[in-house]
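The values are calculated or read from the model by the stated rules, or taken from the named source; none is laboratory data. Please read these numbers as outputs of a predicted model, since none were measured by experiment. Cβ coordinates were reconstructed from backbone atoms using ideal geometry, including for glycine residues, and neighbour counts include every protein chain displayed.
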Amino acid sequence: MKSLEHWESTGKYAIIEGQQVFYKSDGEGEILLLLHGFATASWDWNKVYTPLTENYQVIAPDFLGFGFSNKPKQHSYTTHSRVDTLQQLLGGLGIREVHLVACSFSVSLVQELLCQQNEGKLSFTIQSACLLNGGLLTDVNRPSLPQRLMSSRFGNIITWFFSKKTLDKTLRKIFAEGTQPSDQLIDEYWQLLCHKNGLKVLHKTVYYLKERRLYAQRWQNILQQTKVPIRLIWGVDENDTISGKDTVTKYQALVNNADVVALPNIGHYPQLEAPQLFITHLYAFYEKIIQKLDG
């Protein structure tokens, strides 16, 4: 497996509104845009990135505040700012159509992107969206204790006490028992968190929790309204108390003919816990889309 250092050295940087935004881009073909989770980075996709590049052009950015990208103190870490970042990144690369693949907090970003596409405001076209465990539906989303504390008015103080041990404990709780993260992965995520003084803005990046309440109806409605093909590849192990089985149950009740692949014994990070299984179900999703177009 490629090292974190190799990941960075083979990546690229775009300057967006005066800030360095790191991204990986490899392969040829239709565009897969991989969107990472909270407190992590594009490294979320390290186990599936290279195999995916064999069939697609794969782009995986680190949002501002995460990974190798800049972590400015004076920045609005909102979902709308991430929409703007993606539009500028893709525009600079001349990309007009993408397949979205998102995990964790980025599922909310996808919901907003779908809303803006529906409203004719988006500068690129979403061809499909594959969503992995995240807070898709606010009333069945249960953020972790560190997330809740960081989103409180004492968030800037709480981050002083956020340690590698906290990260380790938080991640191990939401991976399934049989697919626990390695010590190396914890080390890598901690390095990425600390890079460019990231801990100093961590409490700001959790603003999306407030947005989920603010835009709850808007983001729920788009799941029923959009014509974009969506597939959920979802770990339903009981360990994912943040956004596991309950999310799948409600989504299936909400969306007619919901396309859901539920993965037993897999937790919050299907692409890390069962990478080959994830790729298999992702490719099956794309094959299904092609068959519908041909039919």
Scan of the stretch 282-295 for residues that are surrounded by fewer than 17 Cβ atoms within 10 Å (Cβ to Cβ), part of a helix (DSSP H, G or I) and not β-branched (V, I, T), ordered by number: Y283, A284, E287, K288, Q291, K292, L293, D294
Of all residues in the stretch 71-83 being more than 14 Å from the chain's Cα centre (by Cα) and surrounded by 20 or more Cβ atoms within 10 Å (Cβ to Cβ), the one that is modelled with the lowest pLDDT: Y77
Cross-chain or 6+ apart pairs with Cβ under 9 Å, the stretch 231-259 first and within 21 Å of S128 (Cα to Cα), then hydroxyl-bearing (S, T, Y) and assigned to a loop (DSSP other than H, G, I, E, B): W234/S243; G235/Y269
Elements of type helices (runs of 4 or more DSSP H) in the stretch 99-185, at least 2 residues being among the hydrophobic types (A, V, I, L, M, F, W, C), under 22 Å from E30 (Cβ atoms) and modelled with pLDDT of 95 or more: 106-118
Filter result (out of contact with any helix residue (DSSP H, G or I) (no Cβ under 7 Å at 6 or more places or on another chain) and over 19 Å from W45 (Cα atoms)) within the stretch 91-124: G91, G92, L93, G94, I95, R96, E97, Q117, E119, G120, K121
Matching residues in the stretch 174-189 - criterion: being surrounded by fewer than 16 Cβ atoms within 10 Å (Cβ to Cβ) and either touching a Leu at 6+ places or on another chain (Cβ under 9 Å) or under 29 Å from H6 (Cβ atoms) (or both): G178, Q180, S182, D183, Q184, D187
Flag if I230 is among the β-branched types (V, I, T), under 30 Å from N70 (Cβ atoms) and in contact with a helix residue (DSSP H, G or I) (Cβ under 9 Å, 6 or more places away or on another chain): no
Selected residue [in contact with a strand residue (DSSP E or B) (Cβ under 7 Å, 6 or more places away or on another chain) and either free of Cβ contacts under 8 Å to residues at least 24 places away in the same chain or closer than 17 Å to K196 by Cα (or both)] from L113, L64, L100, L33: L64
Selected residue (only one of K196, K165 is among the charged types (D, E, K, R) and either crowded, with 19+ Cβ neighbours inside 10 Å or in contact with a Lys or Arg (Cβ under 8 Å, 6 or more places away or on another chain) (or both)): K196
Checking F285 against (1) free of Cβ contacts under 8 Å to residues at least 40 places away in the same chain; (2) closer than 12 Å to P229 by Cα; (3) not basic (K, R), the condition it does not meet: (1)
